[in-house]
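Student: Quick one: the structure is below, questions incoming.
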Amino acid sequence: MVRPIDPTASPRLLALLEGTDGHAAGSVLARWSERLDWSALPKRLTLADGSSLELDHKRRQGIVREVRGGTFVADLGRPDRMRDLEDVLTPDLTVEAGPSLDGLLEIPFIEGRGEVSVNDPLDPKGKRTRDFIDLGPVPVVRFLDGDGFPRVVGYGDLGHVTGFGTTLMSDGGAYASLRTHSGLAAVHDARRTSFKRSVTGSHAEQARAEGFAPVTTKDGVIGVVVDTRTPGHHLVLAAYGGPHGGTVGYVVDLRRPPVEDGAIVDLRA
């Protein structure tokens, strides 16, 4: 289940901050790990020594500006950007396997890792994600509901996922999302610049008819076009798991919009 917000969390945080100076307030914020009800928090507080605390509701940050100079920023929104396995890969979904990307090009100076992106293959100006993943084949799958409608697109090793969290777009300026005008998604080796010019109308037709269409060059399968059925703007999440708890894959949640005000928008009944 989605971790609920404890209605006592915000008042408890304010109580801990009461009477603190800038240094102590920074220590309180650094240790805080619960989800907060941001509507119950003020936007600014003046601390005991005259330092100021800004509670940025959009970015979900606590920013301490000490009276003697210096700024400390605490990320208070991390719990709002994390979800457990069953919150995203819900029990009603079944897996439909697609093709796998062949061995990725290694990122210079990052041994053993490649870069995969997802975007609309028919939108030359569309933004893409920047997803780092282990070298080797990258399976691409769809998760379908009981009516056979795709609800999640996944890529990477999703066999031992423990949870999900937000990731970033390629420019690092926003949380990752897929905006598709065509109702298609392309999962591809981001370091192979030949991908976009290799996609043809035949790939789009095959994906719409079969669910997937591999894009093959002399280097093997460098991308997969996936049918998402309808246009939309969707959340992209990193999948965590494996023996070290790192990023093992990514999913596009076709049911959820992008992050809003620093948080994942949860499904509603």
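The values are calculated or read from the model by the stated rules, or taken from the named source; none is laboratory data. These figures come from a predicted structure and were not determined experimentally. Cβ placement follows ideal geometry from the backbone for every residue including glycine, while neighbour counts extend to all protein chains displayed. These area figures cover heavy atoms from the full protein model, side chains too; ligands, DNA and RNA do not enter into them. Shrake-Rupley method; radii C 1.70, N 1.55, O 1.52, S 1.80 Å.
Student: Does ARG192 count as open to solvent by 30 Å² or more (accessible area, probe 1.4 Å), more than 21 Å from LEU144 (Cβ to Cβ) and either β-branched (Val, Ile, Thr) or out of contact with any strand residue (DSSP E or B) (no Cβ under 8 Å at 6 or more places or on another chain) (or both)?
Tutor: Judged against the criteria, ARG192 is not a match.
Student: Return the total of residues in the range 78-102 being open to solvent by 60 Å² or more (accessible area, probe 1.4 Å) and of a type in the set (Ser, Thr, Tyr).
Tutor: So the answer is 1.
Student: Please give the strands (runs of 3 or more DSSP E) falling wholly within the range 149-208 in which 3 or more residues are more than 23 Å from GLY136 (Cα to Cα).
Tutor: Per the criteria, 177-180.
Residues checked against (1) under 16 Å from PHE149 (Cα atoms); (2) at pLDDT below 95; (3) of a type in the set (Phe, Trp, Tyr); (4) open to solvent by 10 Å² or more (accessible area, probe 1.4 Å):
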| position | (1), (2), (3), (4) |
| --- | --- |
| GLU205 | no, no, no, yes |
| PHE212 | yes, no, yes, yes |
| LYS218 | no, yes, no, yes |
| HIS233 | no, no, no, yes |
| HIS244 | no, yes, no, yes |
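Student: Looking at THR228, THR180, which one is buried (at least 16 other Cβ atoms within 10 Å of the Cβ), touching a Gly at 6+ places or on another chain (Cβ under 6 Å) and either hydroxyl-bearing (Ser, Thr, Tyr) or modelled with pLDDT under 95 (or both)?
Tutor: From the options THR228, THR180, the qualifying one is THR228.
Student: Here is a further query. Every residue in the range 209-241 that is assigned to a loop (DSSP other than H, G, I, E, B), over 22 Å from LEU105 (Cβ atoms) and of a type outside the set (S, T, N, Q), please.
Tutor: Those that are assigned to a loop (DSSP other than H, G, I, E, B), over 22 Å from LEU105 (Cβ atoms) and of a type outside the set (S, T, N, Q): GLY211, ARG229, PRO231.
Student: Among the residues in the range 103-126, are any open to solvent by less than 70 Å² (accessible area, probe 1.4 Å), in contact (Cβ under 8 Å) with a residue 24 or more places away in the chain, under 30 Å from LEU36 (Cβ atoms) and of a type in the set (S, T, N, Q)?
Tutor: No, that holds for no residue.
Student: Give the number of residues within the range 6-33 that are open to solvent by 70 Å² or more (accessible area, probe 1.4 Å), under 27 Å from VAL265 (Cβ atoms) and in a loop (DSSP other than H, G, I, E, B).
Tutor: 2
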